[in-house]
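The values are calculated or read from the model by the stated rules, or taken from the named source; none is laboratory data. What you are looking at is a predicted structure, and each value in this text was computed from that prediction instead of being measured. FYI the Cβ positions are ideal-geometry reconstructions off the backbone, even for glycines, and counts take in every protein chain you see.
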Amino acid sequence: MGRFNLLDEPWISVITLDSGEQKEISMLELFRQAECYRSLSGDMETQDFAVLRMLLAVIQTVFSRVDAEGKPYNGIILDEMMRQKSVIDSDEIDDVEVYTDSEEDTWEEIWKRGKFPKVICDYLELWRDHFFLFDTVYPFYQVTREQMDRRLPKGKKASAISGRNMNRTVSESGNKEALFSPTSSQGKDLLSEAELARWMITLQGYTGLSDKVSLFEKGIQPSKGWIFDLGGLCLAGRNLFETLMLNYIPVHSEKRFMVTVQKPCWEYDGEAVIARLIEGKPINNLAELYTNWSRAIFLNPDADMRKAISVEIAKLPAIQHIDQFLEPMTIWRFNKSGDAKGHFTPRKHQSEQAMWRSFGLITMKTSIEGGQKRPGILRQYDRVKRVAGERTLTLQAVSMKDDANATSWVPVDEITDELRLNDIVITDEGQSGWLIRINSVVDETKSVVENVYGRLLEDIAEIRSMPPDKEGAHIIASGKKALYQQIDIPFRDWLQSIRSDDSKEEKILEWKSQLRRLSVSEAQGVLKDSVGQDYRGIIKDGHAYNVVTAYLRFMGRLKKYC
């Protein structure tokens, strides 16, 4: 008999809406009272992202089959476990339209209720035996001892990883101690059942390649965790119910994925899950994508949680990255070179680069010819805006930073950010709409920093005879970073302040005025810190050239923008 069932045991970390208290709740409690919680609140935001996707897989699965009352859609036949046994013919346009309209009607009905219907818990109860963290038959997100041994190459043993390596707040390998760990040396390998459940899901999404053993033949790309490579995006609502609903996609925007059967990992045993991956079966549904495994994991079902925890892992094949448009929760890169030339691949968020600097990449409409692919969750929001009403959106970004070592790709830190903005900003897509106008403002703002202020810094470096590849490069990079930091909060505040009845011209002029003031202030700071040699300057092309002439040229270039 299994133990620690995720349906009943408290393991999902949340913040309560009324008191702001952090607590752990079960899956059934979450779906019964999601509207009572503000948000997920796990050990890291990358962990919250992984857990959110697992919860979304439940919603995607249930409401691809039944409506808010628990009644199957027309043309959908279910077995006694609520598994879909029939398939909608994607070539039958009328059938597809009836089916997708029903799914969207279900989204609208649930949103208006403000809470999840009972059918989600009914579904989970049917699959109760597949949600035990410790089990000899259907361990959650794991394989059994027999399944692992059957797949291991002859003479090979699975890699063992300890609690300190699973716990990314410690993230310690056997070769290097984490000096600033939040846990003492004696406790680094100790995890509670709740922590282990959260980190198990996270491990499947963010793994790296430092382990050695694979369950497949050479020549196949191993997975380092599908969400490891994403520039993860999600929409945050006023409570956890809204957050789940805003990221739930009833009808996929790509026609080929509109009527596919949802296949979450818990509807299969471990052997079936790894077999599909090793055999290269394409993933065509969100529930399977959201619960994708990067590793076959074996956890001793008799493990004593009072002692150091360890699991065995073996590599599984990676998901195809090129043009993987099933994925709705990432930003995309159009590749102009390399193996993916002419195609899109997920793009991770950039460390130390504010999210608003990628505004166009995130929000602009899809244009394959123009190398632009809009994330699916924003395209989905276009559909639901009429139901959700005008509101301030919180768009959250999350990526896992790696060690930049192509042989290991060890997760070392997370990259997180968020933007708060009125939804009019991303839904007003006309030729002179807010979306295009703000994207232009962002581009101009970056030009002021990179080209106008950056040119001033280049001039200063030249006046000081600093080598352009050493000290000069440092002063230019640090100076631009400082101006971006000065701009960051004012720009976020300005973006959040936009309302549908604002004059675009006046609002944009308001920002340009701020941008000018902030840029001039930074440039004047450079003047203030200048020394005698900076004022004496150099002779260039027969003319005296110093910090004052560089500043005057900066002011002249700035006028072109603001």
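Looking at (1) among the hydroxyl-bearing types (Ser, Thr, Tyr); (2) more than 30 Å from Glu390 (Cα to Cα); (3) within 41 Å of the chain's Cα centre (by Cα), can you tell me which one Tyr551 breaks?
Unmet for Tyr551, out of (1) among the hydroxyl-bearing types (Ser, Thr, Tyr); (2) more than 30 Å from Glu390 (Cα to Cα); (3) within 41 Å of the chain's Cα centre (by Cα): (3).
Keeping to segment 534-562, report how many residues are in a helix (DSSP H, G or I), among the basic types (Lys, Arg) and within 16 Å of Glu458 (Cα to Cα).
Step one: filter segment 534-562 for residues in a helix (DSSP H, G or I), giving 534-536, 547-558.
Filter again for among the basic types (Lys, Arg), leaving 536, 553, 557.
Still in the running and within 16 Å of Glu458 (Cα to Cα): 553, 557.
Result for segment 534-562: 2.
Starting from segment 460-479, take each residue that is of a type in the set (Val, Ile, Thr) and surrounded by 14 or more Cβ atoms within 10 Å (Cβ to Cβ) and list its partners that are part of a loop (DSSP other than H, G, I, E, B) and at pLDDT below 90, counting only C-beta distances under 6 angstrom and pairs at least six apart or across chains.
Partner pairs satisfying both residue conditions: Ile463/Gly537.
Which one is surrounded by the fewest Cβ atoms within 10 Å (Cβ to Cβ) among residues in segment 537-558 that are at pLDDT below 95 and among the charged types (D, E, K, R)?
Looking at the filtered set, the residue picked out is Asp541.
Report, by residue number, each residue of segment 420-433 that is farther than 11 Å from Met364 by Cα, at pLDDT 85 or above and not in a strand (DSSP E or B).
Asp423, Ile424, Ser432, Gly433, listed by residue number.
Output the residue which, of all residues in segment 301-325 that are among the basic types (Lys, Arg) and assigned to a loop (DSSP other than H, G, I, E, B), is surrounded by the fewest Cβ atoms within 10 Å (Cβ to Cβ).
Let us first name the residues in segment 301-325 that are among the basic types (Lys, Arg), namely 306-307, 315.
Okay, now just the ones that are also assigned to a loop (DSSP other than H, G, I, E, B), so 306-307.
On the way: Arg306: 7, Lys307: 10.
So, considering only residues that are among the basic types (Lys, Arg) and assigned to a loop (DSSP other than H, G, I, E, B), the one surrounded by the fewest Cβ atoms within 10 Å (Cβ to Cβ) is Arg306.
Quick one: would you say Asp339 is assigned by TED's automatic domain parsing to the domain that holds Lys263 and either under 27 Å from Thr260 (Cβ atoms) or in a loop (DSSP other than H, G, I, E, B) (or both)? Outline the logic, then answer.
Details: assigned by TED's automatic domain parsing to the domain that holds Lys263: no; either under 27 Å from Thr260 (Cβ atoms) or in a loop (DSSP other than H, G, I, E, B) (or both): yes.
No.
So, of the residues in segment 282-300 that are part of a helix (DSSP H, G or I) and touching a helix residue (DSSP H, G or I) at 6+ places or on another chain (Cβ under 6 Å), which turns out to be nearest to Ile368 (Cα to Cα)?
At the first step, the residues of segment 282-300 found to be part of a helix (DSSP H, G or I) are 286-290.
Narrowing the set further to residues that are touching a helix residue (DSSP H, G or I) at 6+ places or on another chain (Cβ under 6 Å) leaves 286-287, 290.
Numbers: Leu286: 22, Ala287: 26, Tyr290: 25 Å.
Ranking the qualifying residues of segment 282-300, first place goes to Leu286.
Among the helices (runs of 4 or more DSSP H) confined wholly to segment 41-131, which include 1 or more residues that are among the basic types (Lys, Arg) and closer than 20 Å to Pro328 by Cβ? Let's see the steps before the verdict.
Numbers: elements: 45-62, 93-113, 119-126.
Answer list for segment 41-131: 45-62.
I'd like to check something: does segment 132-149 contain any residue that is in contact with an Asp or Glu (Cβ under 7 Å, 6 or more places away or on another chain), among the hydroxyl-bearing types (Ser, Thr, Tyr) and part of a helix (DSSP H, G or I)?
no
Can you name the residue in segment 482-526 that is without any contact (Cβ under 8 Å) to a residue 40 or more places away in the chain and touching a helix residue (DSSP H, G or I) at 6+ places or on another chain (Cβ under 6 Å) and, of all such residues, is nearest to Glu390 (Cα to Cα)?
Trp494
If Asn405 passes every condition in (1) within 25 Å of the chain's Cα centre (by Cα); (2) more than 30 Å from Leu509 (Cα to Cα); (3) surrounded by 17 or more Cβ atoms within 10 Å (Cβ to Cβ) but one, which one does it miss?
The failed condition is (3).
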